[in-house]
1. If you line up the long axis of helix 134-146 against the longest principal axis of the chain, both from Cα atoms, how many degrees apart are they, to the nearest 10?
2. When the accessible area of the chain is split by element with a 1.4 Å probe, what percent falls to carbon and sulfur?
3. With everything on Cα atoms, drop me the angle between helix 66-86 and the longest principal axis of the chain, reported from 0 to 90° to the nearest 10.
4. Principal axis lengths of segment 60-127 from Cα atoms, whole Å, largest first?
5. Enter the Cα centre distance for the pair segment 62-112 and segment 1-53, rounded to the nearest angstrom.
6. Per residue, how much accessible area does the chain have with a 1.4 Å probe, in Å²?
7. Given a cut-off of 23 Å, what percent of all Cα-Cα pairs of the chain lie beyond it?
8. List, largest first, the extents of the alpha carbons of segment 114-165 along their principal axes, each in whole Å.
Amino acid sequence: FQNWFFLGLMYGFFYMSRYNFSAVQGEIAARFGWTHSDYSNVLSAGLFVYGCAVFLNGPLADRIGGKRAILIGAAGAAFFNLLFGLCNLFLVRSATWQAGVVVEQAVLADSISKTSVIATFAALWALNHYFQSFGALSIVKINAAWFHVRERGSFAGIFGIMIQMGRWLAFSMGPFILLFLPWQYVFFIPALLLLVMWATVYAKVEN
């Protein structure tokens, strides 16, 4: 129970810290004056790196063990979610929109260019996705050793439910957080939850 329950929670929060940008991209785009193409560049960077990283991190998880791999992934995802939220420091004044068109561009700190800001967001999101890729690999590595082959389909179903709860949290809690707090907390809060789960998995989960 300790293994599948805490691993399921951990990976649920992986999803929350992966889909949080998609959940609030409209708010960030409005503040920075981004077009659809601008924030698509950020999303695409993450997806591309995630796809490539699975090929690299699968053998690594086999070598170092699932528990160590998921702890590395959680620490990295928390760190880069934190840095992603801190990108709010680039913004001095939000863009002004009228009828769906930017009529006054956002004022950025220290004369940083819009291109540099988007590139920074994309790099941080890509690095987040690199560490996100450890999640599924680690789950399979650990649980395949704990459950009989007859049980694996059932527990895969249980994990599927828990994981999708993380996606639900991203798309429901993200907009809810925006009602009370600035957009960066949509990244700070999942980072904190990942750190809590890091300590829990370290103490309770075994390979």
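1. Between the helix axis and the principal axis of the chain, the angle is about 10 degrees.
2. Values: 6950 of 10310 Å².
The nonpolar share, carbon plus sulfur, comes to 67 percent.
3. Taking Cα atoms only, the helix is inclined about 10 degrees.
4. Largest to smallest, the principal-axis extents are 54, 27, 16 Å.
5. Measuring centre to centre over Cα atoms gives 10 Å.
6. 50 Å²
7. Of all Cα-Cα distances in the chain, 46 percent exceed 23 Å.
8. Result, largest extent first: 54, 20, 9 Å.
The values are calculated or read from the model by the stated rules, or taken from the named source; none is laboratory data. Keep in mind that this is a model prediction, so the values were computed, not measured. Heads up, the Cβs are rebuilt from the backbone with ideal geometry, glycines too, and the neighbour counts pull from every protein chain shown. Accessible surface is based on the protein model in full, side chains and every heavy atom, while ligands, DNA and RNA are left aside. Shrake-Rupley method; radii C 1.70, N 1.55, O 1.52, S 1.80 Å.
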